[in-house]
Amino acid sequence: MNRRRLLVALGGLGLTGTSAWVLGDGLGSSGSSLPLTVETFDAPGSEAGEMRVPAEGTVTVVDLFATWCSPCKEQMDALGAVREEYGDEVAMISVTNERLGGGLSKGDIRDWWRENDGAWTLGHDPDSELMSALGAGGIPHVAVFDAEGEVAWAETGVTDAKTLRKQVEEALA
């Protein structure tokens with residue numbers, strides 16, 4: 001492992017630990033509530049700008065990930081399968097809370113995205129507002145919102161494509 005990857009991994013672990021501490025009310029209530037607006041990157045399947053989470057009036061799949069997270073890499077297969085099956089019928093966004101700088105750039109995140117076949121909206125939430133609003137205690141974390149913007153299902157850990165499809169189908173019903 002080269003030094004840059006080690007520093008990114010250690011920084012990411014610190015951010016995740018801090019996020020978990022904040023979620024445990026380490027700093028009091030963050031006040032984050034949904035919907036939120038997340039910055040988006042120019043990357044495969046994504047355009048630079050902003051996205052409302054959850055998307056208005058449609059089923060939305062939200063994936064919280066980090067580039068240093070091995071299970072997050074594994075999660076990309078299930079997300080890709082769902083994206084391929086539902087296309088634009090379902091809004092999808094994968095969001096990292098990694099802070100830029102200290103050896104991590106937008107280019108590094110875009111490279112990870114390309115290497116792992118990301119093909120939907122790529123978001124950035126360095127203040128972990130989305131993680132906090134979802135009550136996510138770790139990553140990967142996937143949430144499915146119904147068209148009314150309510151969380152229909154959420155899970156921390158790697159989710160298989162079959163489970164994710166089932167949850168999307170239920171949210172579409």
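The values are calculated or read from the model by the stated rules, or taken from the named source; none is laboratory data. Quick caveat, the model's predicted, so the values are computed rather than measured. All Cβ positions, even for glycine, are placed from backbone atoms using ideal geometry, and neighbour counts span all protein chains on display.
Please go through segment 60-70 and give me each residue that is within 16 Å of Ile109 (Cα to Cα) and in contact (Cβ under 8 Å) with a residue 24 or more places away in the chain, ordered by number. Before the answer, list the steps.
If we filter segment 60-70 for residues that are within 16 Å of Ile109 (Cα to Cα), which is where we start, we get 63-70.
If the condition is that a residue be within 16 Å of Ile109 (Cα to Cα) and in contact (Cβ under 8 Å) with a residue 24 or more places away in the chain, then Asp63, Leu64, Phe65, Ala66, Thr67, Trp68, Cys69 are the ones that fit.
Listed by first and then second residue, the pairs with beta-carbon distance under 8 Å, at least 6 apart or on different chains, first residue in segment 119-146 and farther than 18 Å from Ala81 by Cα and modelled with pLDDT of 95 or more, second in a helix (DSSP H, G or I) and basic (Lys, Arg), are His124/Lys106.
Annotation: of all residues in segment 54-79 being touching a helix residue (DSSP H, G or I) at 6+ places or on another chain (Cβ under 6 Å) and β-branched (Val, Ile, Thr), the one that is surrounded by the fewest Cβ atoms within 10 Å (Cβ to Cβ) is Thr67. Within segment 147-173, residues that are part of a helix (DSSP H, G or I) sit with their Cβ atoms under 8 Å from residues that are surrounded by fewer than 17 Cβ atoms within 10 Å (Cβ to Cβ) and among the acidic types (Asp, Glu), at 6+ positions apart or across chains, in these pairs: Ala161/Asp77; Thr163/Glu155; Arg165/Glu85; Leu172/Glu89.
One line per residue, one yes/no per condition, for (1) within 13 Å of the chain's Cα centre (by Cα); (2) closer than 24 Å to Ala171 by Cα; (3) surrounded by fewer than 19 Cβ atoms within 10 Å (Cβ to Cβ):
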{"position": "Ala81", "(1), (2), (3)": "no, yes, yes"}
{"position": "Tyr86", "(1), (2), (3)": "no, yes, yes"}
{"position": "Ser94", "(1), (2), (3)": "yes, yes, no"}
{"position": "Ser105", "(1), (2), (3)": "no, no, yes"}
{"position": "Asp117", "(1), (2), (3)": "no, no, yes"}
{"position": "Thr121", "(1), (2), (3)": "yes, yes, no"}
{"position": "His124", "(1), (2), (3)": "yes, no, yes"}
{"position": "Leu130", "(1), (2), (3)": "yes, yes, no"}
